[in-house]
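Have a look at the structure below, then the notes.
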């Protein structure tokens, strides 16, 4: 049974912050945001804006902030259900958010350094941009999902699994299109790309899981 949420005030504040972040993004970057929202049905966003990617991008930073808040809330709700504890401090939402945010930032920086060392910067930079784009898109999807989980729908094991599978499928769509679009380049650098995937796409998540569960 899911623990009883005694107060939803902190969730309301976080949801308002997420809505503000998305509103600011839409107003300031209206054209880019419109293309971004069509990410699942139109590959134009990745093609156009991957050429304009910057190390520090305000558009991505705003969406990334929304993402880590959404993941922090979802992890908090799911963890409370999985551990079957009667009461979990809502302060843990911020712990989840900080851990997830730091994890993704360190991961991206490490990926860029490794790609430079292996001399595959071109393809890896495109790969990172596409991953970030679909990940930020997941952040938008998480907002209504979390709102329903807090205010309306009772969380269940099937619900958690279904949501996780759905979000993974969204991410898999992005990876599929990337591999399909770059399969010739990947084949030429298959050894380095496999090394890259094993080092930075599998190991970090195992470490994150161990960190969170401890």
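No value in this document is a laboratory result; all are computed from the given coordinates. Please read these numbers as outputs of a predicted model, since none were measured by experiment. FYI the Cβ positions are ideal-geometry reconstructions off the backbone, even for glycines, and counts take in every protein chain you see.
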Checklist entry - Ranking 141, 105 by Cβ neighbours within 10 Å, fewest first, what do you get? => result 105, 141
Checklist outcome for this item: The extension gain from residue 82 to residue 34, computed as 0.36 nm times the residue separation minus the Cα-Cα distance, is 13.6 nm
Checklist entry - So if we plug the beta-carbon distance of residue 8 and residue 171 into 1/(1 + (r/R0)^6) with R0 = 22 Å, what FRET efficiency do we get, rounded to 0.05? => result 0.15
Item to check | Sorted peptide list for 57-69, 91-103, 24-36, criterion being average Cβ within 10 angstrom, highest first | outcome: 57-69, 91-103, 24-36
Checklist entry - Could you give the length gained on full extension between residue 44 and residue 152, defined as 0.36 nm per residue of separation minus the Cα-Cα distance, in nm? => result 35.3 nm
